[in-house]
Amino acid sequence: MSNCIIAPSILSANFAKLGEEVDNVLAAGADWVHFDVMDNHYVPNLTIGPMVCQALRKHGVTAPIDVHLMVEPVDRIVPDFAEAGASIISFHPEASRHVHRTIQLIKSHGCKAGLVLNPATPVEVLDWVLEDLDLVLLMSVNPGFGGQAFIPSTLDKLRAVRAMIDKLGKPVMLEVDGGVKADNIGEIAAAGADAFVAGSAIFNAPDYAAMIAKMRGNVAA
Ligand code: DX5
Ligand code: ZN
């Protein structure tokens with residue numbers, strides 16, 4: 001299927017020339033820009049915030065910016081990201097005291113809302129909020145760093161969440177993040193994902209377009 005979403009994580013881009021990197025990866029066929037926000041509190045790493053998101057918009061990036069918040073608390077930073085040009089804002093339930101309220105907050109600022117499940121977070125956390133979500137993001141590594149190995153149990157979890165979404169009958173996207181490579185993207189897609197975050201697989205490749213095309217081809221295969 002070529003209508004899958006490929007979302008390169010700029011965590012693995014060269015931050016010294018970020019605008020150029022994002023232009024290049026979009027010209028190479030990427031659909032979204034995956035924007036990893038880490039606070040050295042919820043996760044043991046520190047990355048980028050709303051100012052960088054705004055700078056990418058000012059630079060001329062028009063593609064959807066898929067903001068993955070690995071921050072605690074969540075709510076205070078949501079309006080800042082909405083104003084900075086975020087399209088989708090996803091957060092971890094463990095980092096929000098009131099998950100339903102945070103989802104509504106994101107939507108009230110005109111963004112699509114996503115909930116992120118860590119490898120050990122049960123899918124039941126979706127039970128009473130799935131219908132309010134635009135996206136579910138399943139972590140296939142523990143959050144905090146790029147370049148980690150895909151955790152195989154994510155495949156069963158994808159199947160479980162895919163069944164929940166199909167039963168609901170609403171167009172909630174199912175995204176997977178962590179260790180996605182050209183050689184495992186086919187089985188990840190077969191398990192039910194329709195959006196794929198890939199950091200090191202794309203930004204460490206010598207030819208972004210060739211890697212993205214290879215990934216899309218393996219989704220379709
Ligand atoms: C991890 C981040 C991921 C990460 C993916 O906390 O959320 O987006 O950058 O990197 P790779 O594709 O290298 O596993
Ligand atoms: Zn991410």
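Throughout, read-outs are computed from the coordinates displayed, never taken from laboratory work. This is a predicted model, so every value here is computed, not measured. Using ideal geometry, Cβ is built from the backbone for each residue, glycine included, and neighbour counts are taken over all protein chains shown.
Among residues of segment 98-117 that are exposed (fewer than 14 other Cβ atoms within 10 Å of the Cβ), none has a Cβ under 7 angstrom from a residue that is assigned to a loop (DSSP other than H, G, I, E, B) and charged (D, E, K, R) at a sequence gap of 6+ or on a separate chain.
Sub-7 Å Cβ pairs linking a first residue in segment 132-159 that is closer than 13 Å to residue 118 by Cβ and of a type in the set (Lys, Arg) to a second residue that is within 14 Å of ligand 1 (Cβ to nearest atom) and outside any loop (DSSP other than H, G, I, E, B), at least 6 apart or interchain, are 157/138, ordered by first then second residue. Residue count for segment 195-207, restricted to those that are surrounded by fewer than 20 Cβ atoms within 10 Å (Cβ to Cβ) and either in contact with an Asp or Glu (Cβ under 9 Å, 6 or more places away or on another chain) or more than 14 Å from residue 12 (Cα to Cα) (or both): 1. Within segment 57-81, track down each residue that is away from ligand 2 (no atom under 16 Å from the Cβ), closer than 19 Å to residue 125 by Cα and not in a helix (DSSP H, G or I). Scanning segment 57-81 gives a single hit, 73. Might you let me know whether segment 154-168 holds any residue that is within 14 Å of ligand 1 (Cβ to nearest atom) and under 18 Å from residue 197 (Cβ atoms)? Within segment 154-168, one or more residues are within 14 Å of ligand 1 (Cβ to nearest atom) and under 18 Å from residue 197 (Cβ atoms). The set of residues in segment 31-48 that are part of a strand (DSSP E or B) and among the β-branched types (Val, Ile, Thr) comprises 33, 37.
The set of residues in segment 82-114 that are assigned to a helix (DSSP H, G or I) and either closer than 18 Å to residue 138 by Cβ or among the β-branched types (Val, Ile, Thr) (or both) comprises 93, 94, 95, 99, 102, 103, 106.
With the structure loaded, tell me whether residue 67 is within 21 Å of residue 106 (Cα to Cα), within 12 Å of the chain's Cα centre (by Cα) and within 16 Å of ligand 1 (Cβ to nearest atom) or whether it fails that test. Yes, satisfied.
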